[in-house]
Amino acid sequence: MPATRQVSQWYSPVCATSSTKRGVDVQMSNKTDILVVGGGGREHAIIRALKRSPRLGKIYCAPGNGGISADAQCFPVGATDIEGMTELAKKLAVDCVFVAPDDPLALGMVDALNACGIRAFGPNKDAAIIESSKAFSKDLMKKYGIPTAAYELFTDMQEALRYIAAYEKFPVVVKADGLALGKGVIIAQTREEAEEAVRSMMEDHVFGKSGERIVIEQFLTGPEVSVLAFTDGETVCPMVSSMDHKAVYDGNKGPNTGGMGTISPNPFYTDEIAQQCMEEIFLPTIKAMKAENRPFKGCLYFGLMLTPDGPKVIEYNCRFGDPETQVVLPRLKTDFIDIIDAIIDGKLGELELQWSDDACACVVMASGGYPGSYCKGIEINGLDENGQVEGAYVFHAGTRLEDGKYLTNGGRVLGVTASGATLDEAIDTAYEAVKRITFNGEQHRSDIGRAWKRD
């Protein structure tokens with residue numbers, strides 16, 4: 001990767017809209033009861049951010065996990081159980097439901113809640129398609145001139161294989177069209193690997209129906225940047241930048257995962273690049289969705305590649321990223337509930353968002369074998385809320401609480417996170433906390449936040 005120049009400490013995002021107003025605070029005297037949908041590290045980070053608000057009343061989560069149960073009352077309702085979640089929201093008489101994962105958003109949970117008169121944070125089904133269909137998002141970018149990689153769409157495996165046979169420049173990227181838990185992307189280094197990827201998706205159905213249609217696209221090079229953005233469909237407010245580490249092993253080697261760690265800010269995301277992204281990507285995307293009668297309200301994730309030809313979109317997500325949320329929300333200074341209300345009510349342009357200058361780093365501790373098969377039910381030792389280290393805190397991703405003990409219950413188990421005045425300080429503190437926590441088979445990358453320095 002190219003060397004980066006020093007960013008003013010640090011880039012402070014600004015909102016943009018055709019008629020932005022600033023400095024009008026959203027003030028509500030009543031406490032707000034909130035139900036958070038989901039049960040991973042992202043949801044734990046969201047709940048911790050909500051708990052910093054003086055406006056928060058009762059906080060619930062469904063289905064939650066072992067660690068979340070210490071911060072919110074949890075209920076055993078599946079994240080994709082739309083009817084069950086709607087009934088739970090009614091029973092609890094919550095003021096708002098925060099729908100965090102992609103699957104329930106794509107299935108229309110926000111639509112169902114709104115139909116019952118329940119306020120909900122997140123895009124409706126029509127807007128969530130920006131993530132649930134890569135074909136839709138690629139066609140959207142092509143139609144509205146939003147920079148992205150060249151691509152072709154396929155529903156017939158033989159046609160896809162013929163395209164690969166004639167393809168000249170490798171690597172090439174093969175993507176399942178639908179949702180695949182963040183794993184539906186294969187970077188094929190050779191023609192043989194590309195053919196294998198096509199067959200695995202379209203013939204072996206490794207990603208189920210998500211792979212019935214695939215995208216084959218140009219491989220882009222350059223630093224990757226994750227930018228989450230609040231939007232009410234008119235105004236877009238980018239959050240502080242972050243850098244995900246998808247590969248399972250040090251040096252960015254091995255298969256892609258849901259994310260093995262993150263840092264914020266991203267060292268490559270300069271003020272100039274941020275402005276270019278606002279003008280060429282962020283605002284055009286919001287305008288494009290509105291023009292398609294799919295206005296997007298909630299958190300829109302921009303996965304970007306800073307190529308030699310400028311920033312380009314790798315992917316959109318219709319929700320907070322995981323584990324990006326774990327390093328972005330700890331830096332948020334503005335009341336989170338004020339932002340949620342402003343987005344739902346279409347008044348985001350009336351808020352001025354503020355962010356901490358501190359850096360943040362998250363190291364994911366995963367089960368042995370992840371992202372392949374792994375064991376569950378392994379006891380976690382040395383665990384407390386702060387990772388036994390000052391300045392560190394632990395977000396639970398895949399845990400359960402049984403007889404007073406935390407046990408592993410997923411591939412990504414914990415997100416050990418720390419803040420610091422500098423990025424190096426945050427990284428060092430996070431790794432010091434990782435040393436104090438153990439469980440059999442545990443694996444983590446040792447170069448989070450540092451791999452880019454070697455590339």
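The values are calculated or read from the model by the stated rules, or taken from the named source; none is laboratory data. Because the structure is predicted, anything quoted here is derived from the model rather than measured. Cβ atoms come from the backbone with ideal geometry, glycine included; neighbour counts cover every protein chain shown. Please note that ligands, DNA and RNA were not included when accessible areas were found on the heavy atoms of the full protein model with its side chains. Shrake-Rupley method; radii C 1.70, N 1.55, O 1.52, S 1.80 Å.
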For the range 90-109: of the residues being outside any loop (DSSP other than H, G, I, E, B) and more than 28 Å from residue 414 (Cα to Cα), which is most open to solvent (accessible area, probe 1.4 Å)?
91
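Return yes when residue 364 is closer than 29 Å to residue 334 by Cα and in contact with a helix residue (DSSP H, G or I) (Cβ under 6 Å, 6 or more places away or on another chain) and no when it is not.
On the way: closer than 29 Å to residue 334 by Cα: yes; in contact with a helix residue (DSSP H, G or I) (Cβ under 6 Å, 6 or more places away or on another chain): no.
Here the answer is no, as residue 364 does not meet what is asked.
Quick one: which residue in 135, 197, 160 is assigned to a helix (DSSP H, G or I), in contact with a Lys or Arg (Cβ under 7 Å, 6 or more places away or on another chain) and either modelled with pLDDT under 90 or open to solvent by less than 70 Å² (accessible area, probe 1.4 Å) (or both)?
On the way: 197 fails: in contact with a Lys or Arg (Cβ under 7 Å, 6 or more places away or on another chain); 160 fails: in contact with a Lys or Arg (Cβ under 7 Å, 6 or more places away or on another chain).
From the options 135, 197, 160, the qualifying one is 135.
Could you grab me the full set of residues in the range 401-435 that are assigned to a loop (DSSP other than H, G, I, E, B), of a type outside the set (A, V, I, L, M, F, W, C) and surrounded by fewer than 17 Cβ atoms within 10 Å (Cβ to Cβ)?
Let us first name the residues in the range 401-435 that are assigned to a loop (DSSP other than H, G, I, E, B), namely 403-404, 409-411, 421-422.
Add one more test, that the residue is of a type outside the set (A, V, I, L, M, F, W, C), and what stays is 403-404, 409-411, 422.
403, 404, 422 - these are the residues of the range 401-435 that are assigned to a loop (DSSP other than H, G, I, E, B), of a type outside the set (A, V, I, L, M, F, W, C) and surrounded by fewer than 17 Cβ atoms within 10 Å (Cβ to Cβ).
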Count of the range 42-69 residues which are within 22 Å of residue 356 (Cβ to Cβ) and either in contact with a Pro (Cβ under 6 Å, 6 or more places away or on another chain) or in a loop (DSSP other than H, G, I, E, B) (or both):
4
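Return the total of residues in the range 111-132 being of a type in the set (Val, Ile, Thr) and without any contact (Cβ under 8 Å) to a residue 60 or more places away in the chain.
Result for the range 111-132: 1.
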Counting only residues that are assigned to a strand (DSSP E or B), at pLDDT 95 or above and not charged (D, E, K, R), the range 382-400 contains a total of 4
Residue among 431, 406, 374 that is of a type in the set (Ser, Thr, Tyr) and under 25 Å from residue 267 (Cα atoms):
431
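Quick check on the range 443-455. Is at least one of its residues open to solvent by 60 Å² or more (accessible area, probe 1.4 Å), free of Cβ contacts under 8 Å to residues at least 24 places away in the same chain and within 25 Å of residue 46 (Cα to Cα)?
If we filter the range 443-455 for residues that are open to solvent by 60 Å² or more (accessible area, probe 1.4 Å), which is where we start, we get 444, 446, 450, 453-455.
Narrowing the set further to residues that are free of Cβ contacts under 8 Å to residues at least 24 places away in the same chain leaves 450, 453.
Filter again for within 25 Å of residue 46 (Cα to Cα), leaving none.
Within the range 443-455, none of the residues are open to solvent by 60 Å² or more (accessible area, probe 1.4 Å), free of Cβ contacts under 8 Å to residues at least 24 places away in the same chain and within 25 Å of residue 46 (Cα to Cα).
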Out of 278, 289, I need the residue that is in a helix (DSSP H, G or I), closer than 20 Å to residue 324 by Cβ and modelled with pLDDT of 95 or more. Which one?
278
